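We did not get these values from a lab; they are worked out from the coordinates using the rules stated. Computed from a prediction, not measured in an experiment: that's the story for all the values here. Backbone-built Cβ (ideal geometry, glycine too); neighbour counts: all protein chains shown.
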Amino acid sequence: MDHFLYRNGTLYAEDVAVSEIAAAVGTPFYCYSTATLERHFRLFDSALDPLPHLVCFAMKSNSNQAILKTLARLGAGMDVVSGGEYARAKAAGVPGDRIVFSGVGKTAVEMRTALEGGIRQFNLESEPEMELLSAIAVSMGVVAPVTLRVNPDVDARTHAKIATGKSENKFGIPIARARDVYARAAGLPGLEVIGIDVHIGSQLTDLEPFEQAYLKVADLTAVLRADGHDIRRLDLGGGLGIPYTRSNIAPPLPSDYGDLIKRTVGDLGCEVEIEPGRLISGNAGIMVSAVIYVKNGEGRDFLILDGAMNDLIRPSMYDAHHDIVPVQEPAAGAEQAPVDIVGPVCESGDTFAKQRNMPPLASGDLVAFRSAGAYGAVMSSEYNTRPLIPEVLVNGDQFAVIRSRPTFDEMIARDNIPEWL
Ligand code: LLP
């Protein structure tokens with residue numbers, strides 16, 4: 001459920017007409033709903049009650065400061081994967097003891113920064129990483145709290161580019177080697193081993209792979225405890241999928257996911273963390289774009305938008321489907337015809353949808369890409385020297401630009417001309 005609904009024939013974001021925002025900021029732009037973000041965070045938070053838990057928002061899905069602050073004031077933790085994300089979390093006022101540091105290639109500088117600024121735990125993914133973190137912690141006279149990310153060799157049944165829990169993926173340590181690696185970690189003076197981490201992939205629409213992974217984690221908890229490790233925290237990753245099409249069978253609800261967690265690991269006496277990104281931010285955002293031209297091609301028509309693959313790369317990169325709806329609600333029973341919906345970038349990959357049924361649209365009309373709040377703005381680029389598009393946050397009847405569109409001069413001024421030119 002989200003808060004982007006038609007009212008009196010036009011699309012609203014909460015209590016603000018999307019066309020009003022378009023008139024104020026120009027197109028294309030991202031628009032987020034505070035109520036949707038808050039609702040989704042609370043769904044996860046209450047789904048884990050009464051277990052001791054922390055919901056750490058995977059801020060790779062949307063790391064705008066205003067989004068982070070909206071969630072942080074509800075008590076959210078943050079899952080960060082880079083020094084930049086750590087700095088953003090801190091800048092948004094998230095205390096270090098609510099930040100977990102994930103990622104397969106943490107650098108020495110990132111480790112040091114997080115140890116200095118405060119960290120809840122590092123989720124470590126390899127032996128060289130364990131050794132480096134231990135050495136840095138020792139040099140600073142501190143001990144780093146860590147979990148080890150295990151790779152449970154489970155098929156997440158999602159797009160290959162976002163599946164992470166099979167043995168051929170680069171992530172985690174093979175679960176079969178976990179006992180040895182935990183023993184090594186426990187012997188390193190700069191580390192305190194506190195738990196287990198697992199994350200098997202993203203956009204999972206079925207609970208079965210989670211169940212398989214979490215049962216393996218439960219077994220491993222018992223084995224590691226018998227080996228003398230004080231396993232008291234389980235980080236169960238993110239990955240619960242969202243409905244990208246209205247017609248789809250809906251993925252499981254956070255409450256079903258919470259029940260699964262309680263059933264599989266709930267009686268181990270551990271504190272539980274989860275790292276949802278997409279399910280909190282995905283349906284809390286739309287991308288709004290205007291039609292530049294309707295072009296009649298050979299045997300097919302094209303809707304050429306002012307938004308492009310650099311603004312929303314998911315369709316080109318993952319063949320992802322986003323519902324695209326006109327901002328002015330079509331009349332009931334309006335005729336629909338198939339069109340290719342494309343951007344102005346100079347490659348054929350700049351295609352959002354092929355032969356998508358749409359009502360008649362004309363130059364200047366606005367369309368909204370639904371479910372664009374996760375992995376939309378954060379994955380955008382300035383390809384073709386197209387400025388990063390603005391982000392707008394709506395809260396009830398108010399809206400604010402939370403990232404503005406740079407001018408061409410600002411973009412060009414970031415380049416430096418060497419003295420020999
Ligand atoms: N935790 C870890 C360690 C992760 O790697 C990820 C996502 C998450 C949590 C959050 O997963 P979520 O709840 O958002 O599914 N760019 C792709 C998605 C990449 C996901 C990468 N890792 C897309 O647009 O679909």
To the nearest Å, what is the center-to-center distance of region 108-169 and region 325-398, using C-alpha atoms only? 37
Quick one: if you stick a label point 7 Å off each Cα along the C-beta vector at Glu208 and Glu168, how many nm between them? 2.0
The FRET efficiency for Lys295 and Ala135, from their Cβ-Cβ distance with R0 = 60 Å and rounded to 0.05, is 0.50
Taking Cα centroids, how far is region 54-93 from region 220-286 in Å? 18
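Roughly what % of DSSP beta bridges within the chain run antiparallel, to the nearest 5?
Numbers: 34 of 70 bridges.
Counting DSSP beta bridges with both partners in the chain, the antiparallel share is about 50 percent.
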Given Cβ charges of +1 for Lys and Arg and -1 for Asp and Glu, the option among Thr36, Ala353, Leu421 whose Cα lies farthest towards the positive end of the dipole of the chain is Thr36
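By count of other Cβ within 10 Å, fewest leading, how are Val138, Val154 ordered? Walk me through the intermediate numbers first.
Numbers: Val138 15, Val154 24.
Arranged by neighbour count, lowest to highest, Val138, Val154 become Val138, Val154.
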As an exercise, use a Förster radius of 56 Å and the Cβ-Cβ distance of Thr385 and Asp227 to find the FRET efficiency, rounded to the nearest 0.05. 0.50
Which of the residue pairs Lys60/Lys106; Lys170/Lys354; Lys90/Lys262; Lys69/Lys170; Lys90/Lys166 have a Cα-Cα distance greater than 26 Å in the structure shown? Lys170/Lys354; Lys90/Lys262; Lys69/Lys170; Lys90/Lys166
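Can you give the FRET efficiency to the nearest 0.05 for Ala17 and Cys346, using r as the Cβ-Cβ distance and R₀ = 35 Å? Each step should come with its number before you reach the end.
Details: r = 34 Å, r/R0 = 0.96.
Once rounded, the FRET efficiency stands at 0.55.
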Which of Val342, Ala163, Gln328 sits closest to the plus end of the dipole of the chain, meaning its Cα is farthest towards the positive end, when Lys and Arg get +1 and Asp and Glu get -1 on the C-beta? Ala163
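Quick check on packing: order 333-341, 194-202, 100-108 by the mean number of other C-beta atoms within 10 Å, highest mean leading. Before the final figure, lay out the partial values.
Working: 333-341: 13.8, 194-202: 25.6, 100-108: 19.6.
Descending mean neighbour count gives 194-202, 100-108, 333-341.
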Assign unit charges at the C-beta atoms only (+1 for Lys and Arg, -1 for Asp and Glu), then state the dipole size of region 28-111 relative to its Cα centre in Debye, rounded to the nearest 20. 200
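Taking a ≥ b ≥ c as the square roots of the Cα gyration tensor eigenvalues, with a/c under 1.5 meaning rounded and otherwise prolate when a/b beats b/c, else oblate, which class fits region 1-92?
Working: a/c = 3.34, a/b = 1.52, b/c = 2.20.
Oblate, since a/c reaches 1.5 and b/c is not below a/b.
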Taking the Cα centre of each part, how many Å lie between region 1-35 and region 170-205? 43
Least to most buried among Cys346, Cys56, Cys270, by other C-beta atoms within 10 Å and fewest first, runs Cys346, Cys270, Cys56
All-pairs Cα distance distribution in the chain, expressed in whole percent, bin size 10 Å: 4, 21, 29, 23, 15, 6, 1, 0
